[in-house]
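First the structure, in the form of structure tokens, and then the observations on it.
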Amino acid sequence: MTLHARAALLLLADGRFPAGGHAHSGGAEAAVAAGRITDAASLAGFCRGRLHTTGLVAAALAAAACAGTDPLALDAAADARTPSPALRRTARRLGRQLMRAARATWPDDRLDALAAARPRGAHQPVVLGLTARAAGLTPLDAAHAAAYEAVSAPATAAVRLLSLDPFDATAVLARLAPELDEVADRAERHAATGTANSLPAASAPLLDLGAEEHGTWPTRLFAS
């Protein structure tokens, strides 16, 4: 990886990148309310489960988009792998926001084409993969960025939701690093097939149910 690419990957994975992710908990708010996240240990279990299910799916979609697989086919595949309507809406909302930031930061014809084809937003991992490609990153880089997002969002949210010690939340992410690398490697291998249908379809029913319930709350701290 070149120095330019390293900087691009750091920027893309930075929570301050204006892609809208700071407003979303990755399912943590619903899990906290249900008593499934109460401390650092249960947060670690939640993040691990998310990483190996929806995180793997997102990483594979991002890697495939970065590798050149048809983004419209990947967007349809993402829809098929997201049974919750609330999560589909969230994924497209985040994709639309990321698209705005990506086109301003790394202008690219492929991003423009996807934005035109999906004016209401493509799924965020697909946009992430195209953004990584526009920034000169590899499919493995895209997979790492998507996998990291899968765990960093709930870890950051838990600090606010539970007044969890930020050091403990950061330690959760650090201890998941070997598994994050493993998931990214698996995602890249799946993406290398070049077809959307061959990508993982791991499911997380509690995340789906939590997202649907969370969407009905009149008052909430996070959008999802």
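Got a number for residues in the range 167-208 being in a helix (DSSP H, G or I), farther than 17 Å from P125 by Cβ and touching a residue at least 40 places away in the same chain (Cβ under 8 Å)? Walk me through it before giving the result.
Of the residues in the range 167-208, the ones in a helix (DSSP H, G or I) are 167-175, 177-191, 196-198, 205-208.
Now narrow it down to the ones that are farther than 17 Å from P125 by Cβ: 167-175, 177-179, 181-182, 205-206.
Going one step further and asking which of them are touching a residue at least 40 places away in the same chain (Cβ under 8 Å), we end up with 168-169, 171-173, 175, 179, 206.
Number of matching residues: 8.
Here is a check on your reading of the model: is S25 hydroxyl-bearing (S, T, Y), farther than 20 Å from R118 by Cβ and either touching a Cys at 6+ places or on another chain (Cβ under 6 Å) or touching a residue at least 12 places away in the same chain (Cβ under 8 Å) (or both)?
When the stated conditions are applied, S25 passes them.
With (1) part of a helix (DSSP H, G or I); (2) out of contact with any Lys or Arg (no Cβ under 9 Å at 6 or more places or on another chain); (3) of a type outside the set (S, T, Y); (4) closer than 28 Å to A41 by Cα as the list, and G129 as the residue in question, which single condition is left unmet?
Condition (4) is where G129 drops out.
Please enumerate the residues belonging to the range 112-146 that are in contact (Cβ under 8 Å) with a residue 12 or more places away in the chain and acidic (D, E).
Within the range 112-146, D141 is the sole residue that qualifies.
Go through the range 55-68 and give me each residue that's in contact with a helix residue (DSSP H, G or I) (Cβ under 7 Å, 6 or more places away or on another chain) and crowded, with 24+ Cβ neighbours inside 10 Å.
Passing the criteria: G55, L56, A58, A59, A60, L61, A62, A63, A64, A65, C66.
Is it the case, given these coordinates, that A23 is more than 19 Å from P125 (Cα to Cα), small (G, A, S) and modelled with pLDDT of 85 or more?
On the way: more than 19 Å from P125 (Cα to Cα): no; small (G, A, S): yes; modelled with pLDDT of 85 or more: yes.
No: the conditions fail for A23.
Among the residues of the range 30-84, write down those that are assigned to a loop (DSSP other than H, G, I, E, B) and at negative phi. First the steps, then the outcome.
Filtering the range 30-84 down to residues assigned to a loop (DSSP other than H, G, I, E, B) leaves 34-39, 68-70, 81-84.
Selection gives A34, R36, I37, T38, D39, T69, D70, R81, T82, P83, S84.
The values are calculated or read from the model by the stated rules, or taken from the named source; none is laboratory data. Computed from a predicted model, the values in this text were never measured in an experiment. Neighbour counts are summed over all protein chains in view; Cβ atoms, including those assigned to glycine, are modelled from backbone coordinates with ideal geometry.
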